[in-house]
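This report concerns only the one structure given below.
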Amino acid sequence: MSATDCLFELSESQKRQYIDAETVFIALAQAKKAAAEVRGFMFWRELKGTRTLIRSSAAGAQKSLGAYSETTQKLFNSFMVRKTNVELRVKALKAQLATQQRLNRAHRVGRVPNIVVGVLNEMAKAGVDAHFLVVGTHALYAYEAAAGVRITEQAMATRDVDMLFDTRKRLAFFTVMEKLDSSLIGLLRKADASFEVVEDQHYTARNNDGFEVDIIRRMAHGRDPHPLRMSSAEDDFWAAQVSMGDKLASARRFDQVVVATSGEMALMRTVHPLDFARIK
């Protein structure tokens, strides 16, 4: 069987639907990023008899921006207008996204396992998605989405997803996890509460449906810690070393919106398909 015999092109309606859904997904991600920049509030307060502009963060920390003046008034007005506009845009795009997800189901656009999309989205919400790459067979879902084709089911049949942790950025990852007061297995359980790290295979978590998530890493060298537990939690993953990990970590990046069978979408971060073919 030739390579082309393993590919099936999506219909024109499926391609159009994917493009529409991808556009909304990306627009919402950008709007959420803009909204994060105006999180919290600005308000006026009397301090020692002077009307003062205060910026309050989402966490409740407050900072004085100066006494009332034409400059601080313009700063306040600009912030409030921007905050209102971006919040309205996020709300509108969320409604559009819900519609696009229903249309994805109707047109049978997606076929990525729901649990994979769920895990990717939970990592994105936590802000740690950039620290992992989907490698192995599941990366093919990103490539087929980009190409507008389907790869034959036989080539995609797997019940586990490999996620490569970038040890080069481990300090940034652990800083985020400490702020979240969470573990990596804890993040996975937000996607499926039944995930448990396998007792004799600590780099693997398995849910009640038998689906597995493997956390792998490059071979330890330089200042890489070994062994490497993904948090201080006793029940968390221990990342497993793999021989091709360094090549995968150094490969070009490839980000693609993928669609689950439920219609839900996520951004899959993986390696460039040409590098995937060369390494694998």
Put in order of increasing Cβ neighbours within 10 Å, starting from the fewest, 203, 143 give 143, 203
List the residues whose amide H sits under 5 Å from the amide H of residue 111, counting only those 5 or more places along or on another chain, with H placed 1.01 Å from N in the peptide plane.
259, 261
Just want to confirm a number: the relative contact order over the stretch 3-118, from Cα pairs under 8 angstrom separated by 6+ residues, in percent.
31
Taking the chain as a Gaussian network, Cα atoms linked when under 10 Å apart, which of 139, 155, 233 shows the biggest mean-square fluctuation?
155
Over all directions, how big on average is the projection of the convex hull of the alpha-carbon atoms in the stretch 34-105, in square nanometres?
5.7
Taking only Cα atoms of the stretch 202-269, what ratio of Rg to Rh do you get with Rh as the Kirkwood inverse-distance radius?
1.04
When DSSP assigns beta bridges and you keep just the ones with both residues in the chain, what percent turn out antiparallel, to the nearest 5?
80
Distance cut-off 21 Å, Cα to Cα: go down the list 33/94; 125/247; 63/83; 32/83; 247/280 and report the pairs above it.
125/247
HN-Hα couplings for the stretch 30-37 via Karplus (6.51, -1.76, 1.60; θ = phi - 60°), in whole Hz with x for Gly/Pro, come out as 5, 5, 5, 5, 5, 5, 5, 6
Once label points are set 7 Å from the Cα along Cα→Cβ at both residue 155 and residue 169, what is their separation, rounded to one decimal in nm?
2.9
For a footprinting-style exposure proxy, rank 200, 162, 129 by other Cβ within 10 Å, fewest first.
200, 129, 162
Top mean-square fluctuation among 127, 263, 110, Gaussian network model of the chain, C-alpha springs under 10 Å?
127
Alpha-carbon centroids, the stretch 123-159 and the stretch 16-48: separation in whole Å:
26
What list of ³J(HN,Hα) couplings, whole Hz, do you get for the stretch 167-181 from phi and the Karplus terms 6.51, -1.76, 1.60, once you set θ to phi - 60° and write x for glycine and proline?
5, 5, 10, 5, 5, 5, 4, 5, 5, 5, 5, 5, 5, 6, 6
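Which order do peptides 146-152, 63-69 fall in by mean Cβ count within 10 Å, highest first?
On the way: 146-152: 14.9, 63-69: 12.3.
The peptides rank, most packed first, as 146-152, 63-69.
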Relative contact order, percent, the chain [alpha-carbon distance under 8 Å, six or more residues apart]
20
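If each residue's Cβ is checked for other Cβ atoms within 10 Å, how do 46, 264 rank with the fewest at the top?
Least crowded to most crowded, the residues run 46, 264.
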A convex hull over the alpha carbons of the stretch 117-224 yields, per residue, a volume in Å³ of 129
Most mobile listed residue (61, 98, 142) in the chain, GNM with C-alpha springs under 10 Å:
61
Between residue 27 and residue 252, Cβ-based FRET efficiency (R0 22 Å, step 0.05) works out to 0.30
Coarse-grained scattering of the stretch 163-212 at q = 0.20, 0.21, 0.29, 0.30 Å⁻¹, given as base-10 log I(q)/I(0) from a Debye sum over alpha-carbon atoms:
-0.79, -0.84, -1.10, -1.12
Grab the eigenvalues of the alpha-carbon gyration tensor for the chain, scale each by 5, take roots, and send me the semi-axes largest first in whole angstrom.
39, 27, 16
Give a residue-ordered list of calculated ³J(HN,Hα) values for the stretch 101-109 (Karplus: 6.51 cos²θ - 1.76 cosθ + 1.60, θ = phi - 60°; whole Hz; x for Gly, Pro).
5, 5, 5, 4, 5, 4, 8, 6, 6
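A short reminder: the numbers here are calculations on the coordinates, not readings from a lab. The structure presented is a predicted model; accordingly, all values stated were derived computationally and were not measured. All Cβ positions, glycine included, derive from the backbone under ideal geometry; neighbour counts span all protein chains shown.
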